[in-house]
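The values are calculated or read from the model by the stated rules, or taken from the named source; none is laboratory data. This structure is a prediction, so every number in the text was calculated from the model and none was measured. All Cβ positions, glycine included, derive from the backbone under ideal geometry; neighbour counts span all protein chains shown. Each accessible area value is taken on the protein alone, full model and side chains, heavy atoms only, with ligands, DNA and RNA left out. Shrake-Rupley method; radii C 1.70, N 1.55, O 1.52, S 1.80 Å.
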Amino acid sequence: ALLMAPVNFQNPTLNSLPATKEEVMSLEKIFKQNDVSFISYTEQSATESALKASELASYKYLHLATHGSVNSDNPELSAIYLLTEHNKTQELADDGILYISEIYNLSLNAALVSLSACETGLGKISRGEGIIGLGRAFSYAGAQNLLVSLWKVKDASTAELMAKFYEKNLS
């Protein structure tokens, strides 16, 4: 499993999500109890670069506890928010925003991708195409199943819900 929770964001318009760190810690315990190996990136280590550098195809579970945004008018502007990272020359390696076009280019083999963020199941409804949004991008990238939200979610209650979901489905 690959677990990510940035917690605090460089973008001042994004609120911090302190319960996402607790969420990841709870999931670590659940995965450990069920003999599922995992790698966690929280706080400053939860960068877009770390996600992209991971061997994503080797993970059965990908859990992103963060902010998401869906733009129904311009689906290509929909994104998952992580953190930025500077390379050794102090140039920006990635902007910390994982846009749909970048998600389409990921190579996943996940049985489940959980987008533990607000309204990640929304998108533009296109006749004959269905919903064009984050879910479609992750499906195209190789996710077999998705856990998304259709509404705004509270930080602490979402952490509790995610822990219960994994407890029930991994046992």
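In percent, how large is the relative contact order of the range 1-130, given Cα pairs closer than 8 Å and 6 or more residues apart? Walk me through the intermediate numbers first.
Numbers: 241 pairs, mean separation 36.3, N = 130.
For the range 1-130, the relative contact order is 28 percent.
Over the C-alpha trace of the chain, radius of gyration and Dmax come out as 15.2, 47 angstrom.
Computed over protein heavy atoms with a 1.4 Å probe, the carbon and sulfur contribution to the accessible area of the chain reaches 50%.
Per-residue ellipticity at 222 nm for the chain, helices alone: DSSP H runs ≥ 4 residues times -39500 (n - 2.57), over residue total, nearest 500 deg cm²/dmol?
Computed mean residue ellipticity for the chain: -9000 deg cm²/dmol.
Charges were assigned to the Cβ only: +1 to each Lys and Arg, -1 to each Asp and Glu. The resulting dipole of the range 58-160 about its Cα centre is roughly 360 debye. Bridge orientation summary for the chain: considering DSSP beta bridges with both residues in this region, about 45 percent are antiparallel.
Rolling a 1.4 angstrom probe over the protein heavy atoms, how many square angstrom per residue are accessible across the chain?
Working: 9130 Å² over 171 residues.
Normalised by residue count, the accessible surface of the chain is 53 Å².
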